[in-house]
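This report refers to the structure that appears directly beneath it.
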Amino acid sequence: MMRNMASLPSGRVAKWVVLALWTALLLPAFMLAGKLGDVEENDNSAWLPSNAESTRVVERAEKFQPADTLPAIVIYDRPEGISPADMTKARADAEAFKGITNVVGQPQGPVKSQDRKAIQTVVQIQKDKKGWEGIGKVVDAMAKVGEENADGLGFHVTGPAGHASDSIKAFSGGGGLTTITALVVVVILLLTYRSPVLPLLPLLTAGGALVTSEAVIYLLAKNAGLTVNKQTSFILTVLVFGAATDYALLLTSRYREELRRHEDRHEAMAEALRRSGPAIIASAATVAVSLMLLMLATLNSTQGLGPACAVGILVGLLAMVTLMPALLVICGRWIFWPVQPSYGSAGATKEGVWTRVGTAVSGRPRIVWIGTALVLGVMAIGVFGLKADGLSNKDQFTDKPQMAVGEEIQSKHFPAGSGDPIYVVAEAASAERVNTALSGVPGVADVSTPVIKDGEAMMLGELKNAPSGAAAMRTVEQARTAVHKIEGADAQVGGNTAIILDTQEAATRDSKVIIPIVLVVVFLILALLLRAIVAPLLLMATVVLSFGAALGVSSLVFNHVFHFAGAEASFPLLTFVFLVALGIDYNIFLVTRVREVALLHGTRRGALMGLSATGGVITSAGLVLAGTFAAMASLPLVFAAELGFAVAFGVLLDTMIVRSVLVTALTLDVGRWMWWPSKLFRHHEDPQLPDTSAGGGAEMSTARSSHVPAGRPPGIRLG
């Protein structure tokens, strides 16, 4: 059955049908993918679950103020002192702001600072259906007003609206990210294939998979309530390009082998799909299932990221096992020019680097895997220095946008929390008691008079500290403790600071719940694929150790090289899911090949031959995936830079060290016990390898000659 299914996309007629179907699919997909931005929800409050306290405050506060508003804090400054003309301009600007579309209510101010060197005006902006993009246009219009006839007077828009505006400008580099990612893929494929034409096929196929994925995600967001945002979009881009190209590399490598064994390229592709298909499908399934488990998150942004990226993986898989084979067969052998694999030719006989690595590891496998594990363990110690407790607004950028400059000026001349207060909503009968309790919270500078409407009261608390900082979030916690004690008040604390706090708490909870579940599910997938228990346990242990080492080194780099202030609370979970799922990918590619060879030659010989056979293609795949994630650094966002670095470093570590050295050494040491309790363990003896410390070259020459035979013994199926 597998043989019949594998022959479908490479059939003499079917290849044209596949191409026609994908062409027909991509035409509407392009139009739908372009609408993805219309359904993005980029506000912090939209990322939270409906039962979060800050979310409830947003709902209850709608009766007191226009819904979906965001404060823009306008700061003017003149180091030598504010003049009367400056105050006149600030008043005129405040009136002009009222005429800008989506500016609502009466501006607060302008107010001159006590040191008479700055002016502050607070303007409320109502969000429209375009979310961040709409706010960005309002802020740009305000900047045009403020900078006109400024005569040396500094002008900045900060606060939540300023942060939203600068964020959308940072994310506007998404088109550049796609271009950079594509260029990275092309360069690595050129180095891998040494063909100027062949890289175009996986690039075009991955691009088609990305467009189709975005179209499907748009439909899910519009019709099924899937939460997507700019973060989802840029992660989807690098994931689809990276993972889909990995699948293309594995398929193409096996297809090139089969072209030497089969005169007919259609038969060669059918055999390549039959041989490599299970590993590719298992790898994609592992990643997709791991990502789908993010739906267990309480944080809507993480919850939506999982299925969105899973769609990207599955569509990438579909493209690489249907469209890619069809294109390869349509093009014929010339696509490999200038080195075309001819029928009956032998593969490269030159001893490769991975053959030499295997020879070196086989000399003292137990010492090698213990030593490697210890080194990775030492690298993992750095994880204790990881500060994944969230970032303030100004620390979320790798550069210093105008919002951050304005925030520094504001905190220098005004109370740090002015313009972005906490909101407290309670029963009207308890308004005075709640007001008194809120006034007694140490981090609250001032509390407004309660406003009462429809049996409920709302009051504002001005913070002493910067609203997005750790001190302000401690104040929110204290305020909640204080007002929750008031019996019958039904008091709740919200506002932008509370939203950030609730986001961090939800992300921490999600990590504790989802990480163990991912480990269990990935183990079960491996156990089903390998029909064993020992091998999945060992593979899981190596990947977790690799994740710890990658996170430990990343922490040191973030703190002492990049000098980042910290990391988002969701960073460890997302890094874990990507590294564990993608790291298992490469182990699947290797171990399924080891198992295939072990059926004939035993596990220890299989470990060496499997490494020799897959080392090049897996290394290329790792370079592609690492390169695509590293491209995320092109966005001026700390989260993108940190996630990109951690995943890229982790993938390289897993590809170069964990998979090639640690897993190979473990397999050599454990031998046929890797497959316990499967039939392979019970029915195959595992002869000892000859001592390779002095004559390893001859041993590996035998392995190489066994790897690319002209044919295989009749009656033996390597599946």
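The values are calculated or read from the model by the stated rules, or taken from the named source; none is laboratory data. Worth saying up front: this structure is predicted, and the values here are computed from it rather than measured. All Cβ positions, glycine included, derive from the backbone under ideal geometry; neighbour counts span all protein chains shown.
Taken together, the criteria place residue 279 among residues that are assigned to a helix (DSSP H, G or I), touching a Ser or Thr at 6+ places or on another chain (Cβ under 6 Å), of a type in the set (Gly, Ala, Ser) and in the same structural domain as residue 330 (by TED's automatic domain parsing). When the stretch 480-503 is filtered for residues that are closer than 20 Å to residue 159 by Cβ and outside any loop (DSSP other than H, G, I, E, B), the ones remaining, listed by number, are 493, 494, 496, 497, 498, 499, 500, 501, 502, 503.
Give the residues of the stretch 556-572 that are part of a helix (DSSP H, G or I) and surrounded by fewer than 24 Cβ atoms within 10 Å (Cβ to Cβ), sorted by residue number. Hits for the stretch 556-572 are 556, 557, 559, 560, 572. If the condition is being out of contact with any Gly (no Cβ under 8 Å at 6 or more places or on another chain) and either touching a residue at least 24 places away in the same chain (Cβ under 8 Å) or at positive phi (or both), then the stretch 433-447 contributes 433, 434, 435, 437, 440, 442, 443. Residue 211 meets the conditions (1) at pLDDT below 90; (2) under 30 Å from residue 318 (Cα atoms); (3) of a type outside the set (S, T, N, Q); (4) surrounded by fewer than 22 Cβ atoms within 10 Å (Cβ to Cβ) in every case but one. The failed one is (1). The test for being at pLDDT 85 or above, surrounded by 13 or more Cβ atoms within 10 Å (Cβ to Cβ) and in contact with a Lys or Arg (Cβ under 9 Å, 6 or more places away or on another chain) does not hold for residue 15. When residue 123 is tested against the conditions (1) in contact (Cβ under 8 Å) with a residue 60 or more places away in the chain; (2) closer than 12 Å to residue 72 by Cα, the lone failure is (1).
Under the condition of being without any contact (Cβ under 8 Å) to a residue 24 or more places away in the chain and not hydroxyl-bearing (Ser, Thr, Tyr), the residues counted in the stretch 88-106 number 6. In summary, no helices (runs of 4 or more DSSP H) completely within the stretch 348-446 bear 2 or more residues that are charged (D, E, K, R), at pLDDT below 85 and surrounded by fewer than 20 Cβ atoms within 10 Å (Cβ to Cβ).
Restricting attention to the stretch 58-86 and to residues that are modelled with pLDDT of 90 or more and assigned to a helix (DSSP H, G or I), the residue that is nearest to residue 135 (Cα to Cα) turns out to be 86.
Mind checking whether some residue in the stretch 33-45 is at pLDDT 90 or above, in a helix (DSSP H, G or I), under 30 Å from the mean Cα position of the chain (by Cα) and of a type in the set (D, E, K, R)? No, the stretch 33-45 has no match at all. Please work out if residue 101 is farther than 15 Å from residue 419 by Cβ and among the β-branched types (Val, Ile, Thr). Yes.
Taking the criterion of being over 14 Å from the mean Cα position of the chain (by Cα), under 17 Å from residue 548 (Cβ atoms) and surrounded by fewer than 22 Cβ atoms within 10 Å (Cβ to Cβ), the only residue of the stretch 619-655 that qualifies is 652.
For the condition at pLDDT 90 or above and within 30 Å of residue 225 (Cβ to Cβ), residue 299 does not qualify.
Against the conditions (1) assigned to a strand (DSSP E or B); (2) in contact (Cβ under 8 Å) with a residue 40 or more places away in the chain; (3) farther than 30 Å from residue 410 by Cα, residue 452 satisfies every one except (2). Evaluation of residue 88 against the conditions (1) surrounded by fewer than 19 Cβ atoms within 10 Å (Cβ to Cβ); (2) of a type in the set (Ser, Thr, Tyr); (3) in contact with a Leu (Cβ under 7 Å, 6 or more places away or on another chain) shows that the sole unmet condition is (3).
Just one residue in the set 233, 195 is assigned to a loop (DSSP other than H, G, I, E, B), surrounded by fewer than 22 Cβ atoms within 10 Å (Cβ to Cβ) and small (Gly, Ala, Ser); that residue is 195. Of the numbered criteria (1) under 17 Å from residue 409 (Cβ atoms); (2) over 41 Å from the mean Cα position of the chain (by Cα); (3) among the aliphatic types (A, V, I, L, M), the one residue 75 fails is (2).
Scanning the stretch 249-291 for residues that are touching a Pro at 6+ places or on another chain (Cβ under 6 Å) and surrounded by fewer than 19 Cβ atoms within 10 Å (Cβ to Cβ) gives a single hit, 260. Being farther than 26 Å from residue 540 by Cα, in the same structural domain as residue 211 (by TED's automatic domain parsing), in a helix (DSSP H, G or I) and in contact (Cβ under 8 Å) with a residue 24 or more places away in the chain is the requirement here; does residue 247 meet it? Answer is no for this residue. When you look at residue 205, is it crowded, with 19+ Cβ neighbours inside 10 Å, touching a residue at least 40 places away in the same chain (Cβ under 8 Å) and within 30 Å of residue 641 (Cβ to Cβ), yes or no? Considered against the rule, which asks whether it is crowded, with 19+ Cβ neighbours inside 10 Å, touching a residue at least 40 places away in the same chain (Cβ under 8 Å) and within 30 Å of residue 641 (Cβ to Cβ), residue 205 comes out as yes.
The sole residue among 476, 513 that is more than 16 Å from residue 571 (Cα to Cα) and either touching a residue at least 12 places away in the same chain (Cβ under 8 Å) or not aromatic (Phe, Trp, Tyr) (or both) is 476.
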